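Written out below as structure tokens is the structure these notes cover.
The values are calculated or read from the model by the stated rules, or taken from the named source; none is laboratory data. Quantities reported herein were computed from a predicted structural model and do not represent experimental measurements. FYI the Cβ positions are ideal-geometry reconstructions off the backbone, even for glycines, and counts take in every protein chain you see.
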Amino acid sequence: MTNLAIECSGTAGSVALFDGGTPIAYADLDPSLGSVRTIAGSIKAILRGHGVPKFVSVTNGPGSFTGLRVGLTTAKMLGLAWGIPIVPVDTLQAISLRAFGAVPRDRAGDPFVAVINAFRGQVFASVVEFDESGSMTVLAESCVLDAAAWGVNPLGNLALGNLGPGNLGLEQLLVSKSGRVWVTGPGLKNFPLSVARPECSVVDESIWSPTAAEVAALGRVGFEAGTATTADQLEPNYIRASAAEEKRRQVPG
């Protein structure tokens, strides 16, 4: 079951071809050229000799508007041309999965907070956890937060889903679960934790950004769970409108 994975949530990205959980080919997109100029040739190269994949996995947000549009448009075109389904993958979940793969195995059950710079003094953030098998549970969906407030308390402003007992707050719930919270994501470059928090461990900067490998893994899970969609139904998850779109909405008439 071959899976073409596309990760273009940032300024460049990567593409990969997997057969189930086995990597077949992988290519980083040249950041000096950008994904617009490199994605088509890179996909052609990794698919050479392997035929049409069973489905496409692609990050659908949050992230760079330009990057996401490149990845999603490419996925749509391939889905239409090949008549295959597409699995959208949350960028922050892909970031957390990469971090989980790098921490000690006895940390299963620890929450992972992922963050991306949303600009305009804001960040995108979410919280997930993994069991020993690597299966992921979303504790707080991807959302947009004030960056300064997030830096002081990366847990306090996140909206908890339906997993909390009673009215236990997210911060108390996460710390009570394991006593350790892992923080990751490229948003830390612009908005590092501004207050030392003993329960928070920041993962190594070399693994802050997602890759097509994590997109492929989450895409396979989504495909097996029935979350695939068609090319014409694939939608981005920008979470927040761009500055240009917000400005246009403010113009009378």
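Could you check how many residues of region 94-150 are of a type in the set (D, E, K, R), over 22 Å from V195 (Cα atoms) and either surrounded by 20 or more Cβ atoms within 10 Å (Cβ to Cβ) or in contact (Cβ under 8 Å) with a residue 24 or more places away in the chain (or both)?
5
Are there any pairs, at least 6 apart or on different chains, whose C-beta atoms fall under 6 Å, with the first in region 170-195 and outside any loop (DSSP other than H, G, I, E, B) and the second surrounded by fewer than 20 Cβ atoms within 10 Å (Cβ to Cβ) and modelled with pLDDT under 85, and if so, which?
Close Cβ pairs (under 6 Å, with a partner that is surrounded by fewer than 20 Cβ atoms within 10 Å (Cβ to Cβ) and modelled with pLDDT under 85) amount to L170/L160; E171/G156; L173/G164; V175/E199; S178/G109; V181/E199.
Is region 46-63 home to any residue that is within 17 Å of G219 (Cβ to Cβ), assigned to a helix (DSSP H, G or I) and of a type in the set (V, I, T)?
Yes, because at least one residue in region 46-63 is within 17 Å of G219 (Cβ to Cβ), assigned to a helix (DSSP H, G or I) and of a type in the set (V, I, T).
Could you grab me the full set of residues in region 220-235 that are of a type in the set (G, A, S) and either farther than 18 Å from M77 by Cα or modelled with pLDDT under 95 (or both)?
Answer for region 220-235, where residues must be of a type in the set (G, A, S) and either farther than 18 Å from M77 by Cα or modelled with pLDDT under 95 (or both): G222, A225, G226.
In this structure, does A196 turn out to be assigned by TED's automatic domain parsing to the domain that holds V15 and either of a type in the set (A, V, I, L, M) or more than 26 Å from V58 (Cα to Cα) (or both)?
no
Among the residues of region 18-36, are any buried (at least 21 other Cβ atoms within 10 Å of the Cβ), in contact (Cβ under 8 Å) with a residue 60 or more places away in the chain and not assigned by TED's automatic domain parsing to the domain that holds N117?
Yes, there is a match, as at least one residue in region 18-36 is buried (at least 21 other Cβ atoms within 10 Å of the Cβ), in contact (Cβ under 8 Å) with a residue 60 or more places away in the chain and not assigned by TED's automatic domain parsing to the domain that holds N117.
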